[in-house]
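Asks: Let me begin by handing over the structure; questions about it come next.
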Amino acid sequence: MASWQEEVQSGQGIWTDEDKNGKITDVDWENQMVFAEHYRQDGSTVKRCYEFDEVAGSYDERLNQWIIVPY
């Protein structure tokens with residue numbers, strides 16, 4: 001299980017208020033981008049990319065996923 005001290009990794013869960021649950025598909029360390037695919041209730045998916053700073057440090061151990069909070 002990851003914790004907030006660990007680095008973001010492919011395969012970890014991610015959640016946003018807008019897109020809900022998803023999975024990190026790739027981390028581009030050179031450009032500091034995190035790519036994710038979110039799963040919607042209607043069965044569709046949406047791909048998003050986030051700046052590394054939006055994701056890093058926002059791990060919720062209770063939920064076992066990264067949480068992206070709106071600004």
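Asks: For region 23-35, what does the Karplus curve 6.51 cos²θ - 1.76 cosθ + 1.60, with θ = phi - 60°, yield as ³J(HN,Hα) per residue in whole Hz, taken in order and with x for Gly and Pro?
Replies: For region 23-35, the Karplus-derived couplings read 9, 6, 9, 6, 10, 9, 5, 5, 9, 6, 10, 10, 10 Hz, x marking Gly and Pro.
Asks: Under a 5 Å amide H to amide H cut-off, with H placed in plane at 1.01 Å, what residues pair with Gln12 once short-range neighbours are removed?
Replies: Result for Gln12 returns Ile24.
Asks: In what sequence, highest mean first, do 41-47, 17-23 appear when ranked by Cβ atoms within 10 angstrom?
Replies: For the peptides 41-47, 17-23, the packing ranking is 17-23, 41-47.
Asks: Okay, next question. Kindly provide the helix-only [θ] at 222 nm of the chain, computed as the sum of -39,500 (n - 2.57) over DSSP H runs of four or more divided by all residues, to the nearest 500 deg cm²/dmol?
Replies: -1000 deg cm²/dmol
Asks: Starting from the coordinates of the alpha-carbon atoms of the chain, obtain the Kirkwood hydrodynamic radius over all distinct pairs and give the value in Å to one decimal.
Replies: 12.0
Asks: Could you give me the ³J(HN,Hα) list for region 36-47, computed from phi with Karplus coefficients 6.51, -1.76, 1.60 and θ = phi - 60°, whole Hz, x at Gly and Pro?
Replies: So the Karplus estimates, Gly and Pro as x, are 9, 10, 9, 9, 9, 5, 7, x, 7, 10, 9, 9 Hz.
Asks: Sequence gap at least 6, Cα distance under 8 Å: using those rules, report the relative contact order of the chain to the nearest whole percent.
Replies: Computed value for the chain: 33 percent relative contact order.
Any read-out appearing in this document is the output of simple, stated calculations on the displayed coordinates, not a laboratory observation. This one's a predicted model, so the numbers in the text were calculated from it and none came from an experiment. Quick reminder, even Gly has a Cβ in these numbers, built from the backbone with ideal geometry, and neighbours come from all protein chains shown.
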